[in-house]
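The values are calculated or read from the model by the stated rules, or taken from the named source; none is laboratory data. This is a predicted model, so every value here is computed, not measured. Note: ideal-geometry Cβ built from the backbone for every residue, glycine included; neighbour counts use all protein chains shown. Heads up: the accessible areas ignore ligands, DNA and RNA and are worked out on the full protein's heavy atoms, side chains in. Shrake-Rupley method; radii C 1.70, N 1.55, O 1.52, S 1.80 Å.
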Amino acid sequence: MTSSSTNLSLVDTDPAELPVDAIVIGLHSQTGEQDATDGPAGTLLLASGAESIAAAFDGRLTETLALLGATGAPGEVIKLATLGTVTAPLVAAVGLGAEPTGAAPAPETLRRAAGAAVRSLAGAARVALTLPLPDDADAPAALRAVAEGALLGGYRFAGYRTRPQPSRREPVAEVLVAVPDAGDAGAQAEVTRAQAVAGAVRLTRDWVNTAPNEKRPPAFAEVVAEAARSAGLGVEVLDEAALAAGGYGGIVAVGQGSEAPPRLVKLTYTPEQGGSGKRVALVGKGITFDTGGISIKPSQGMWEMKSDMAGAAAVGATMLAVAALKPAVAVTGYLPMAENMPSGTSYRPGDVITMYNGKKVEVLNTDAEGRMILADAMARACEDGCDYLFETSTLTGGQVVSLGKRISGVMGTPELCERVRSAGDEVGEPAWPMPLPDDVRKGMDSDVADISQVNAGMDRAGHMLQGGTFLREFVTDEVAWAHIDIAGPSYHTGEPTGHLTKGGTGVPVRTLLALIEDIATHG
Ligand code: BES
Ligand code: MN
Ligand code: ZN
């Protein structure tokens, strides 16, 4: 079940003459010094890019927008009929907040505004965006943000309805972005990149939003493997027999409670030319549904655990974008998949499991299943050889408690955690480094095995940190690694906002791609 796609191209003709269904312009709320003669409309300021539209309205556009209640607040979209003043029948003014002094809006402001505008224009087939783009060194980042925001705000999961809802308005099919020079090769390259990146984010959202009965491990593995083969990636799928024979104790243990057996999908991208010579490994948690197993979860809201494969979805889709973008660095993706179910064959609290790297783990709570499958995949990635290992997972409710729904928690090698934070900041997927303290590791000492899977006294103190502390045991010393806990940020539950739609968000695809590109260039 996949969403329809959105086309995006550049234009440099007069926006007032574009044959589209709606023109989007930017609107600033003005703060600070006001011109006393301006009146109420003086609190609004049209953003650059809107000049020819404003001219067509004979200078009465801000006044009209003010009458319609516009404030220029971020996320606000005010629509007005143009009644023949310009070719498009509709103008939509999207709020950009206060105008930054002497600068264009931040890329994230533009990304959210483009997302909000395209999302709220569902029902219009063709839309043009004339947002304020700087004409200096910041131009590529701004255009990238607008293109990504538009493509992501235009996302909608197709769903499973047998008949469309009567009120349903189709997502925008075609977006034109107004730029100074549509033929500019650099600008065209940004569009091509944004299409690959947003395509990966949209695919991640589709996979996360897919019903859990439709993506049990064998089916999910097949869908990912098929897409990867078409993209030209190397593909290896380990089934339950291969996993058992290979000693993947953690994946086998979690998978054994379900009639749908576990999988480990490995995707390989080999660059044509050397680049930095570094090898990147990506690992993503693919629990296709998390009931908790024998340590069963409360039924309230359990359906949301269909998103417990968001890490694997992000890694799989990132690999597809890598195949399209062709960075000069080797990247391998590992997607361990299992369905965590309670049954007569489930693993149980008290079990001691021999993991892929030989360590013995005492299971204390079958609901801490993510770290069991990830540990094996991370150990395999280290065995295959890598310099950087990025692992991402909907690992702990503790992440949501400590950092909320928008900021991912990052644990691992301090320098790499900082690099993840900085990449996340740059792309608008905030992430924050967290420590791995000795006392948390001490609390996971087991009476019978090398390590307990969680705190041995079931103490939830440092809940998120226990996850990172456990995973550290499965990374070899020479590998720089970062664990990115996306329990909250991977799934959006409230009303849509900016380019975020309800359900899967696609976090942290854009961070992973930024990191891979950075490693390709700088090592
Ligand atoms: N998949 C959950 C974590 C989760 C919680 C993701 C909320 C998204 C939203 C994970 O497998 C889990 O159950 N974690 C337990 C760990 C505990 C048993 C140590 C948790 O967070 O309570
Ligand atoms: Mn769980
Ligand atoms: Zn889980």
Check on Ala456, more than 11 Å from ligand 1 (Cβ to nearest atom) and at pLDDT below 95 | yes
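With respect to Val479, determine if the residue is buried (at least 24 other Cβ atoms within 10 Å of the Cβ) and not assigned by TED's automatic domain parsing to the domain that holds Pro74. Walk me through it before giving the result.
Values: buried (at least 24 other Cβ atoms within 10 Å of the Cβ): no; not assigned by TED's automatic domain parsing to the domain that holds Pro74: yes.
The answer is no for Val479.
Yes/no per residue for (1) more than 20 Å from the chain's Cα centre (by Cα); (2) assigned by TED's automatic domain parsing to the domain that holds Gly292; (3) among the hydrophobic types (A, V, I, L, M, F, W, C):
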{"position": "Asp367", "(1), (2), (3)": "yes, yes, no"}
{"position": "Leu374", "(1), (2), (3)": "no, yes, yes"}
{"position": "Ala379", "(1), (2), (3)": "yes, yes, yes"}
{"position": "Glu383", "(1), (2), (3)": "yes, yes, no"}
{"position": "Cys386", "(1), (2), (3)": "yes, yes, yes"}
{"position": "Glu391", "(1), (2), (3)": "no, yes, no"}
Kindly list, by first and then second residue, each pair from a residue in region 86-104 that is on the phi > 0 side of the Ramachandran plot to a residue that is open to solvent by 40 Å² or more (accessible area, probe 1.4 Å) and at pLDDT 90 or above, limited to pairs with Cβ atoms under 6 Å and residues at least 6 apart or on different chains.
-> Gly97/Pro74
Select from region 138-166 the residues that are open to solvent by 20 Å² or more (accessible area, probe 1.4 Å) and charged (D, E, K, R) and list them in ascending order.
-> Asp138, Arg144, Arg156, Arg161, Arg163
Which members of region 242-256 meet the condition of being within 16 Å of Lys266 (Cβ to Cβ) and either of a type in the set (Lys, Arg) or outside any helix (DSSP H, G or I) (or both)?
-> Gly247, Tyr248
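Here's the yes/no breakdown for (1) in contact with a Gly (Cβ under 9 Å, 6 or more places away or on another chain); (2) among the aliphatic types (A, V, I, L, M):
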site	(1), (2)
Ala98	yes, yes
Asp138	no, no
Leu151	yes, yes
Gly159	no, no
Arg163	no, no
Arg169	yes, no
Val175	yes, yes
Gly183	no, no
Gly186	no, no
Has region 421-432 got any residue that is open to solvent by 10 Å² or more (accessible area, probe 1.4 Å) and within 16 Å of ligand 2 (Cβ to nearest atom)?
-> no
Hey, does region 138-160 have a residue that's farther than 23 Å from Asp181 by Cβ, assigned to a helix (DSSP H, G or I) and either touching a residue at least 40 places away in the same chain (Cβ under 8 Å) or within 16 Å of the chain's Cα centre (by Cα) (or both)?
-> yes
Quickly run through region 380-407 and pick out the residues that are more than 16 Å from ligand 3 (Cβ to nearest atom), open to solvent by 10 Å² or more (accessible area, probe 1.4 Å) and among the small types (Gly, Ala, Ser).
-> Gly385, Ser402, Gly404
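Here is a yes/no grid of residues against (1) of a type in the set (Lys, Arg); (2) open to solvent by 10 Å² or more (accessible area, probe 1.4 Å); (3) within 15 Å of ligand 3 (Cβ to nearest atom):
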| site | (1), (2), (3) |
| --- | --- |
| Val254 | no, no, yes |
| Gly286 | no, no, yes |
| Asp290 | no, no, yes |
| Met305 | no, yes, yes |
| Met309 | no, no, yes |
| Ala312 | no, no, yes |
| Lys326 | yes, yes, no |
| Val329 | no, no, no |
Residue within region 174-181 that is surrounded by 24 or more Cβ atoms within 10 Å (Cβ to Cβ), in the same structural domain as Pro19 (by TED's automatic domain parsing), of a type in the set (Val, Ile, Thr) and without any contact (Cβ under 8 Å) to a residue 60 or more places away in the chain present = no
Residues that are out of contact with any Leu (no Cβ under 9 Å at 6 or more places or on another chain) and either within 15 Å of ligand 2 (Cβ to nearest atom) or not acidic (Asp, Glu) (or both), drawn from region 477-490 = Ser490
For Arg169, state whether it is open to solvent by 60 Å² or more (accessible area, probe 1.4 Å) and modelled with pLDDT under 95.
-> yes
Residue pairs qualifying under the 6 Å Cβ cut-off, at least six apart or on distinct chains, with the first in region 354-377 being within 10 Å of ligand 2 (Cβ to nearest atom) and the second being open to solvent by 10 Å² or more (accessible area, probe 1.4 Å), are Asn365/Ser295; Asn365/Val454; Thr366/Ile294; Thr366/Ser295; Asp367/Ser295; Ala368/Val454; Gly370/Leu395
What do you reckon, is Pro327 within 16 Å of ligand 2 (Cβ to nearest atom) and touching a residue at least 40 places away in the same chain (Cβ under 8 Å)?
-> no
For strands (runs of 3 or more DSSP E) lying entirely in region 279-351, having 2 or more residues that are away from ligand 1 (no atom under 11 Å from the Cβ), in the same structural domain as Gln453 (by TED's automatic domain parsing) and farther than 16 Å from Val252 by Cβ picks out 279-284, 330-340
Picked from region 325-378 (must be in contact with a Lys or Arg (Cβ under 9 Å, 6 or more places away or on another chain) and among the aromatic types (Phe, Trp, Tyr)), the residue nearest to Asp447 (Cα to Cα) is Tyr356
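Of everything in region 125-137 that's assigned to a loop (DSSP other than H, G, I, E, B) and among the hydrophobic types (A, V, I, L, M, F, W, C), which residue is surrounded by the most Cβ atoms within 10 Å (Cβ to Cβ)?
At the first step, the residues of region 125-137 found to be assigned to a loop (DSSP other than H, G, I, E, B) are 125, 131-137.
Now drop any that are not among the hydrophobic types (A, V, I, L, M, F, W, C), which leaves 125, 131, 133, 137.
Working: Ala125: 13, Leu131: 29, Leu133: 26, Ala137: 7.
Looking at residues that are assigned to a loop (DSSP other than H, G, I, E, B) and among the hydrophobic types (A, V, I, L, M, F, W, C), I get Leu131.
For (1) within 30 Å of Tyr347 (Cβ to Cβ); (2) open to solvent by 40 Å² or more (accessible area, probe 1.4 Å); (3) among the aliphatic types (A, V, I, L, M); (4) not assigned by TED's automatic domain parsing to the domain that holds Pro327, each residue gets a yes or a no:
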{"residue": "Arg193", "(1), (2), (3), (4)": "no, no, no, yes"}
{"residue": "Ala196", "(1), (2), (3), (4)": "no, no, yes, yes"}
{"residue": "Asp206", "(1), (2), (3), (4)": "no, no, no, no"}
{"residue": "Glu214", "(1), (2), (3), (4)": "yes, yes, no, no"}
{"residue": "Pro218", "(1), (2), (3), (4)": "yes, yes, no, no"}
{"residue": "Val224", "(1), (2), (3), (4)": "yes, no, yes, no"}
{"residue": "Ser230", "(1), (2), (3), (4)": "no, yes, no, no"}
{"residue": "Glu240", "(1), (2), (3), (4)": "yes, yes, no, no"}
{"residue": "Gly250", "(1), (2), (3), (4)": "yes, no, no, no"}
Of (1) over 14 Å from Leu515 (Cβ atoms); (2) in a strand (DSSP E or B), Lys405 satisfies every one except (2)
